[in-house]
1. Out of curiosity, is residue 350 within 25 Å of the chain's Cα centre (by Cα) and among the acidic types (Asp, Glu)?
2. List the helices (runs of 4 or more DSSP H) that sit entirely inside region 239-335 and contain at least 2 residues that are closer than 30 Å to residue 125 by Cα, modelled with pLDDT of 95 or more and within 44 Å of the chain's Cα centre (by Cα).
3. Those residues that are of a type in the set (Gly, Ala, Ser) and either surrounded by fewer than 17 Cβ atoms within 10 Å (Cβ to Cβ) or within 29 Å of the chain's Cα centre (by Cα) (or both), I need them from region 362-378; list them, please.
4. From 359, 347, which residue is within 30 Å of residue 245 (Cα to Cα), surrounded by 16 or more Cβ atoms within 10 Å (Cβ to Cβ) and assigned by TED's automatic domain parsing to the domain that holds residue 252?
5. Return the residues of region 306-327 that are in contact (Cβ under 8 Å) with a residue 40 or more places away in the chain and closer than 18 Å to residue 102 by Cα; say none if nothing qualifies.
6. Pick from region 28-74 the residues that are touching a strand residue (DSSP E or B) at 6+ places or on another chain (Cβ under 8 Å) and closer than 27 Å to residue 223 by Cβ: which of them is surrounded by the fewest Cβ atoms within 10 Å (Cβ to Cβ)?
7. Take the residues in region 182-196 that are within 48 Å of the chain's Cα centre (by Cα) and aliphatic (A, V, I, L, M), then tell me which one is modelled with the highest pLDDT.
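The values are calculated or read from the model by the stated rules, or taken from the named source; none is laboratory data. Model, not experiment: these values are computed from the prediction. All Cβ positions, even for glycine, are placed from backbone atoms using ideal geometry, and neighbour counts span all protein chains on display.
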Amino acid sequence: MKTKPILFVALFISIATFSQKKWTLKECVDQALEKNISIQQNKLSLELSKKDVEIAKGNFLPYLGASSSGTFNSGLSQDESGVLKNTNNFSSSLGLGFSGVIFNGYVNTNTYKQAQLGVESSVLDLKKIENDISLFVVNGYLNVLFAKENLKAAQVQFEISSKQIDAVKTRFESGVIPKGDLLNAQSTAATDQQAVITQENALDLALLNLAQLLQIPVNNFDVASINVDSPSAILLYENSDVVFEKSLTRMPEIKRAELAIENADLSIAISKGAFLPTLSYSLNAGSSYYHQFNNLVFNQKNASYFSQFEDRLQYGAGFSLSIPIFNRFQTKNSVAKSKINKEISITQLESEKLNLKQTIEQAFLDVKSALKTFEASKISLEAQKEAFKNAQESYNYGAMTLFDFDLVRTRLVNAEASLISSKYDYIFKTKVLQFYSGELEMD
């Protein structure tokens, strides 16, 4: 009887623990990499590429096959004296064949190498998608933290404006200020409350977007905070060339384009293989059986199956040499096409390098611009804080109207929002550069 309450309590604790779980950035990235459908599809494509390797490897092995046939005939057939008579006959045969290629212009060898390159290319395609998904998760994760800070700032402002109502109400009841100031204070608090609701909705949307990216339920989903309070004001790299040189050795799209050139070289070799002769061999063994159903009419007797099978047993071995002489210029044009494809692969590699260089240059410029905006936002916020402090003193001494005071406070709120926005923009763009240089850490 006591077991059920204990199980219920344990289940409740486990559910409560799960609901309180806050996902780290690494956990989010790992979850996305595990559940993303595009990644799963590319993993299946990788398995297909591995099977292509097995198929290409099988081309080196000989072919072994067995054959069997049976035929029934009814009609004229010669007897021992050569006279045609109506007979019913059954004949059967069994055979075993063994054949293979000794040389075919290295086509099998180069096809096997191409299949191995296909596996490497599939691995790089998978890595490219994993990189993209990781960046999406980092961006989504920072968007959640950004929304949390905005919500926190909005809640602080609402708390301030709510307290301001009590102070304004006291001054109004004392006859120091008109009723309009009280109404303005109440209006400001209502506006700040609306801002809190807006930021709550923004946070919910950011959590929803990240949860959908991770393919998990959004209910009770939350992320752990990371230290983004004081991003460095010093650029991580002197110039974009430093990042570009590092990225050339690690970005999968560059390595894949290089593999495409190797693959094109193998295609040229395979096409040239058609100029060379092909040498193959074959081995075979077989026997047959013949039975005439109305032999008794002809005073003849059918030999037994096994004796016929042994008597008619045959063996054979052969070699075949095929030498191409003229095939309507098909091989020549095939080689020419393969060479053109290699030139295309070379230009594709240069295009990938150019795109990568331009992307990194733009990312580096974005970081510099984001840093300037972040630094300017910090200076602006400090100035607005001083202005707000002075305005608050002036308002308390009656030297400033509530309307003017609210204008100063609004500028302070906007400065705080601008700082939060510029901070996260700078952080994300810095992480993009770290990603290209291979220094992005998910921990």
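1. Numbers: within 25 Å of the chain's Cα centre (by Cα): yes; among the acidic types (Asp, Glu): yes.
In short, yes.
2. Details: elements: 240-248, 252-272, 305-311.
Filter on region 239-335 gives 252-272.
3. Answer for region 362-378, where residues must be of a type in the set (Gly, Ala, Ser) and either surrounded by fewer than 17 Cβ atoms within 10 Å (Cβ to Cβ) or within 29 Å of the chain's Cα centre (by Cα) (or both): 363, 369, 370, 376.
4. 359
5. Matches in region 306-327: 319, 320, 321, 322, 323, 324.
6. The selected residue is 31.
7. Checked region 182-196; the qualifying residue modelled with the highest pLDDT is 196.
Matching residues to (1) out of contact with any Pro (no Cβ under 9 Å at 6 or more places or on another chain); (2) farther than 17 Å from residue 150 by Cα; (3) of a type in the set (A, V, I, L, M, F, W, C):
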site: 180; (1), (2), (3): yes, yes, no
site: 190; (1), (2), (3): yes, yes, yes
site: 198; (1), (2), (3): yes, no, no
site: 204; (1), (2), (3): yes, no, no
